[in-house]
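Below: the structure, in C-alpha cells.
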Amino acid sequence: MTHTTLGDISREHRRSYPLATAIVDDRYRLTWPEFDDRINRAAHALQAAGVGEGDRVLWLGQTSFRVFELLGACAKLGAMVCPANWRQSGEEFAFVIDDFDPKVVVWQEEEIGDAVRAARKLTQRDPVWWQHDTEGEGSYEYALAAQTTEDPWGSVDIDLPVLVIYTAAIGGRPNGSLLTQRNLLAMATEASYLTRTSQESVFLNSGPLFHIGNFQWDAMAVYVQGGTNVFVRRVEAEAVLDIITAEGVTSAFLMPPTIIQMTQIYDADKHDVSALRGGPFTPVWNGLLPPDTTPWGATPGGFGQTEVSGLAVVNGHGGRGQGNSGRPSPLARVRIVDVEGNEQPIGVPGEIVVAGDVVHAGYWNRPDINRQRMRDGWWHTTDLGRRENDGSIHFIGTMTRMIKSAAENIYPVEVENCLEQHPAVREAALIGVPDPQFTQSVKAVVALVEGAEVTAEELIEHCRVRIASYKKPRTVEFVNEIPKRDGAKDYEALDEMFGGGGYPGGDNVRA
C-alpha cells in the first residue's frame, strides 16, 4: 500500500473535477486536466534535463503558477523545487545556486534580470537555464512544448523533500528548509480545517512564494481541496482589487499596509469583495468585510516557523487559552524542555520542541546543524515558551535574536557581517526599533576603525547592493565602542541606549 502524494492529488482532481478551474494567472486559465497535463510536460522536461529523485530545481522569479506546476512535477519525480527570494542581490542568488546545486534554474528577466546575470557570472555551478517570461528556444515554455502529456507514473516516497524554502540567516548564512510531501499534505489538512476551505474556494496567491505563509494560508489547502489558485506577479492595490472582483476571490495573502491602500481606493461601483474572507486582518478592512467566523478568523494566531510547516500551534484549536499561541495541531506534538531535553513543569519556560507530520526533513546540506536541532526525535525550534495550566502554549520569544519588519524576519548577524565588510567599520550591531507600520525598523549601531570616516548613507547603500534591500538599516548610530557583556555584544544595553524594542514575543505571536 502506498501513501497519497502531491502528484496523486492532481491525478485525482483531473478525474473528479474535469470542468473546474485549477489555475488563473494573467492570460492562463487552466482546468484541472489542463493543469495536470502541464505538470506532466514539466516533469518530462525536467527528466530530459537530468532531474531525477533527490535532484533540485531553482526558481528565480516572482509569484507565478509555474512554481506550482514545478512543485507538481517534482512531486511526481521525487525531486524538489526552491522558490528563491527574488529581491536578493546577485551575490545572494549566487550563494543559493552554489549551495543548492540545482540541475535546472528557471529565471525571470523582468525586474531581476540584472541580478540573475550577475549571479551566473559568480556561481561555480553549471545548471540548465530556462527563462520563464519569454518564448522561443531557451525558454521554459519551449522546454515544455517539446514534451508529452503522458503521466510519469511511479512510486514516490511521501517523506522525500519536495519544497525548499531558505530561511533567514542562522550563523550568518541562509539555510534551505526541506519540506516533504507529508509536510505539505499535513499543512493543507490543518489549514483546510481552520479556514473551512472547499472545492469552491478561490485563493489569491498575492504573497511571496519564498515564504511559508502563502503556502499555508491558503494555497496548499485550496490545491488539495480542488479549488482555484489565482496568481499575481506583484502586489499593487488597484490590480489586486480588480482580480478579487473578477475572480470572486474568497481568501488572499495580504498584509495590513496593502489592505489599507485597498480600502482607500475601494469603489463600490467598480469593486466587489463580498466573497472575501478577511482572516485575522478583517478589522483592517474598515467595515468592508463581515466578521470571519472560521476557527482561523475567529481565533487567529499561533506559533510556528518554516521548519514545522508554518504554524504547529494554533489558537483555533480548543479556543483561545491562557497562552498566546493556542494548542498543537493534531498532526504535531509539542514539549517544553530544558537544555538537557527534560520536559519542564507547567508554567516553567523552556525551549519549544516539535515532532510529528509537520516537522521538516532538516536543512539542505547542513548535517551539523541538523544533528544539533533534531535531537531525540524532536525538532528544537530555538524558541522559548511555556505550557499553561489549561494546556495551551505561550510563546515568550526567540532564543536567537530576530527583528521583524512587516512580514520579513531579519537576523542581525547577517546584516552585521555585511556592515563589518566595509573597510571603515570595526564592529556593528543591529537592533529593532518599534515602527507603527512595519512592526520594527532596522537600526545599525556602528563603531568605526580609528581615523576612518563614512556616512550613514554610505553604509546603508553598502548593504543595499550586497543583501536584500529590506534587510538594510534604515538608520545608523555611530559609537566609540559597542557595549559588551561577557565578551558578547550587549543588545539589551543598545536597546536601552537607542530605543530598541518590539521584538517578536510577549503579546506578539510569531508566525
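The values are calculated or read from the model by the stated rules, or taken from the named source; none is laboratory data. This is a predicted model, so every value here is computed, not measured. Note that each Cβ is placed from the backbone with ideal geometry, even for glycine, and that neighbours are counted across all protein chains shown.
Of note:
- Any hit, the stretch 382-392, residues being within 19 Å of the chain's Cα centre (by Cα), in contact (Cβ under 8 Å) with a residue 24 or more places away in the chain and surrounded by fewer than 19 Cβ atoms within 10 Å (Cβ to Cβ): yes
Every residue, every condition in (1) over 17 Å from residue 475 (Cβ atoms); (2) acidic (Asp, Glu), yes or no:
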site: 371; (1), (2): yes, no
site: 385; (1), (2): yes, no
site: 399; (1), (2): yes, no
site: 426; (1), (2): yes, no
site: 435; (1), (2): no, yes
site: 440; (1), (2): no, no
site: 443; (1), (2): no, no
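- Failed item in (1) closer than 20 Å to residue 174 by Cβ; (2) assigned to a strand (DSSP E or B); (3) not assigned by TED's automatic domain parsing to the domain that holds residue 313, with residue 380 passing the rest: (3)
- Residues (modelled with pLDDT under 95 and either within 23 Å of residue 73 (Cβ to Cβ) or over 17 Å from the mean Cα position of the chain (by Cα) (or both)) located in the stretch 160-193: 171, 172
- Residues being within 16 Å of residue 397 (Cβ to Cβ) and surrounded by fewer than 17 Cβ atoms within 10 Å (Cβ to Cβ) - total across the stretch 315-362: 3
- Every condition in (1) without any contact (Cβ under 8 Å) to a residue 40 or more places away in the chain; (2) farther than 19 Å from residue 25 by Cα; (3) surrounded by 24 or more Cβ atoms within 10 Å (Cβ to Cβ) holds for residue 269 except the one numbered (3).
- Pair list, Cβ under 7 Å, 6 or more apart: the stretch 135-161 residue outside the structural domain of residue 78 (by TED's automatic domain parsing), other residue not in a loop (DSSP other than H, G, I, E, B): none
- Any chance residue 159 is out of contact with any strand residue (DSSP E or B) (no Cβ under 9 Å at 6 or more places or on another chain), in a loop (DSSP other than H, G, I, E, B) and of a type in the set (Asp, Glu): no
- Of the residues 193, 142, the single one that is in contact with a Gly (Cβ under 9 Å, 6 or more places away or on another chain) and surrounded by fewer than 17 Cβ atoms within 10 Å (Cβ to Cβ) is 142.
- Residue that is in contact (Cβ under 8 Å) with a residue 60 or more places away in the chain, charged (D, E, K, R), surrounded by 17 or more Cβ atoms within 10 Å (Cβ to Cβ) and in contact with a helix residue (DSSP H, G or I) (Cβ under 6 Å, 6 or more places away or on another chain), where the choices are 14, 38, 87: 38
- Filter pass, residue 273 being under 22 Å from the mean Cα position of the chain (by Cα) and either at pLDDT 95 or above or not charged (D, E, K, R) (or both): no
- Counting the residues of the stretch 17-28 that are of a type in the set (Asp, Glu) and surrounded by 13 or more Cβ atoms within 10 Å (Cβ to Cβ) gives 1.
- Residues of the stretch 338-355 satisfying the condition of being free of Cβ contacts under 8 Å to residues at least 12 places away in the same chain and part of a loop (DSSP other than H, G, I, E, B): 340, 342, 345
- Members of the stretch 435-455 that are surrounded by fewer than 18 Cβ atoms within 10 Å (Cβ to Cβ) and not in a strand (DSSP E or B): 436, 437, 449, 450, 451, 452, 453, 454, 455
- Residue satisfying condition, being modelled with pLDDT of 90 or more, surrounded by 13 or more Cβ atoms within 10 Å (Cβ to Cβ), of a type in the set (Gly, Ala, Ser) and within 30 Å of residue 284 (Cβ to Cβ), within set 432, 502: 432
- Tally, over the stretch 274-296, of residues that are part of a loop (DSSP other than H, G, I, E, B) and crowded, with 19+ Cβ neighbours inside 10 Å: 5
- Residue match in the stretch 473-493 (condition: in contact with a Gly (Cβ under 8 Å, 6 or more places away or on another chain) and more than 28 Å from residue 86 (Cα to Cα)): yes
- Unmet criterion (only one of (1) basic (Lys, Arg); (2) modelled with pLDDT of 95 or more; (3) more than 16 Å from residue 181 (Cα to Cα)) for residue 27: (2)
- Checking the stretch 69-85 against the condition returns a match, with at least one residue being outside any helix (DSSP H, G or I), farther than 19 Å from residue 180 by Cβ and of a type outside the set (Val, Ile, Thr).
- Test: residue 196 is of a type in the set (Lys, Arg) and modelled with pLDDT under 95: no
- Residues (within 18 Å of residue 279 (Cα to Cα), acidic (Asp, Glu) and surrounded by fewer than 24 Cβ atoms within 10 Å (Cβ to Cβ)) located in the stretch 196-240: 200
- Subset tally (residues that are assigned to a strand (DSSP E or B) and either in contact with a helix residue (DSSP H, G or I) (Cβ under 6 Å, 6 or more places away or on another chain) or surrounded by fewer than 24 Cβ atoms within 10 Å (Cβ to Cβ) (or both)) for the stretch 105-123: 2
- Residues satisfying the stated conditions in the stretch 402-428, i.e. in contact with a helix residue (DSSP H, G or I) (Cβ under 7 Å, 6 or more places away or on another chain), crowded, with 19+ Cβ neighbours inside 10 Å and not in a helix (DSSP H, G or I): 403, 408, 410, 422, 425, 428
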